[in-house]
Amino acid sequence: MDIRIGHGYDLHRLGSPAQGGKKMVIGGIIVESAIGPIAHSDGDAVMHAVTDAILSAIGAPDLGTLFPDTLADNKDRNSSEFLSDSVMRANEGGWVIGNIDVTVICDSPKISTYKEQICTSLHSLIGAPINIKGKTYEGTTKDSAIEVHAVALVQRGKH
Ligand SMILES: [Zn+2]
C-alpha cells in the first residue's frame, strides 16, 4: 500500500477595504464581512492551505513556488485554479485523494455558518471527503487574521 499525507498551512491578515482588505472568500465561498484578506491573489486561505497539503502529499513543489506572488498573472487570481491544478497534478501522478481535513482559526467572520457550503465547494473540486473545523483565537491576538491548517491523504490507485 502506497499512502502518503501532506500538511498545508496559510495565514492572511484581515483588514477593511481602506486597509487593502479584499472580499472575504473562504474555500471558494464569499462570506459577508466588513474585513477581508490582505493578499496578492484573492487571499482564500482555505484554498491555499488545502492546495499546499495536496502538493506536499504528492511531493510536488509548493504553492508559492508554482504560483509566485511576484507574478502579475497571479494578482487577484481565483484560488480555485491553484487547487484544481494540484488535483490535476495528483491525478497525473497516479494518486487518488483519500480525504482532506481542515482547521480554520478565525475570530470574525465565524465560519460555522458557512461550513457546509465550504465543504461542498471543496468537494466539487477535489472529489474526496472533506472535513472542516472552526476555531477562534480565544482572545490571544489583537490582530484580525485567518489561519488555516490542512491535511491531505493520498494513495496510489487505479482510475
Ligand atoms: Zn494565502
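Rule-based calculations on the coordinates, nothing more; no lab input. Predicted model, so just to flag it, every value in this text is computed and none were measured. Cβ atoms come from the backbone with ideal geometry, glycine included; neighbour counts cover every protein chain shown.
Here are the numbers for the structure shown:
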{"quantity": "Matching residues in the range 112-148 - criterion: being part of a strand (DSSP E or B) and buried (at least 19 other Cβ atoms within 10 Å of the Cβ)", "calculated": "130, 132, 146, 148"}
{"quantity": "Residues of the range 114-139 satisfying the condition of being under 22 Å from residue 35 (Cβ atoms) and free of Cβ contacts under 8 Å to residues at least 12 places away in the same chain", "calculated": "138, 139"}
{"quantity": "Yes/no for residue 142 being among the basic types (Lys, Arg), under 20 Å from residue 23 (Cβ atoms) and either out of contact with any helix residue (DSSP H, G or I) (no Cβ under 7 Å at 6 or more places or on another chain) or without any contact (Cβ under 8 Å) to a residue 40 or more places away in the chain (or both)", "calculated": "no"}
{"quantity": "Test: residue in the range 63-71 that is of a type in the set (Gly, Ala, Ser) and over 27 Å from residue 16 (Cβ atoms)", "calculated": "no"}
